[in-house]
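Chemist: One structure follows; several queries about it will come next.
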Amino acid sequence: MRRRLAELDTHQGVYLTASGTLTQFNAILAAVHGAAFATVEVGALKGAMAAALVSHIVAAFILCWAARPMSGTPNQTAAVVLTESHTLADDTFRNYRRGWRMTLLALVVSAMVAVFFLLHAARVALSAAITAWPG
């Protein structure tokens, strides 16, 4: 039984480490989107950036929820400890997978925002070049 608990702890530790890394990644991208959101004036682009910002915040929240500490009551029997450890590990794995999927969805939204932003910047640059063209 101790071996099974050690396996669960090890497996859960790997997921929690990855969860922390993805949480930091989502926080960094949320900060980037927040700064870009503050500087953009175009309505549709601002809405797309808000969607990307919110999706990264939600992904970070889900990953933080997966890594939340859980404490049992002291003086539990070995069977209860094993059952609760298994339930906690299963909950951690499930929430981590949800956070990973939300991170991927947020990255798709961020990529669409980046493409939209580049198209908008190219259109502005092209219109500025056309109006400045001697002719």
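Every read-out reported here was derived from the displayed coordinates using simple, explicitly stated rules and does not represent laboratory data. All figures in this text were calculated on a predicted structure; none of them were measured in a lab. For neighbour counting, all protein chains shown are included, and Cβ atoms are generated from backbone atoms with ideal geometry for every residue, glycine included.
Chemist: Could you tell me the calculated FRET efficiency between residue 104 and residue 46, based on Cβ-Cβ distance and R0 = 35 angstrom, to the nearest 0.05?
Modeler: Numbers: r = 24 Å, r/R0 = 0.67.
Calculated value: 0.90.
Chemist: Follow-up. Just to be sure I understand the model, the point goes 7 Å from the Cα along the line to the Cβ. What's the resulting residue 93 to residue 27 distance in nm?
Modeler: Rounded to a tenth, the inter-label distance reads 2.7 nm.
Chemist: Continuing with the same structure: Please arrange 29, 107 by how many other C-beta atoms lie within 10 Å of their C-beta, fewest to most.
Modeler: Details: 29 21, 107 17.
Listed from fewest to most nearby Cβ atoms, that is 107, 29.
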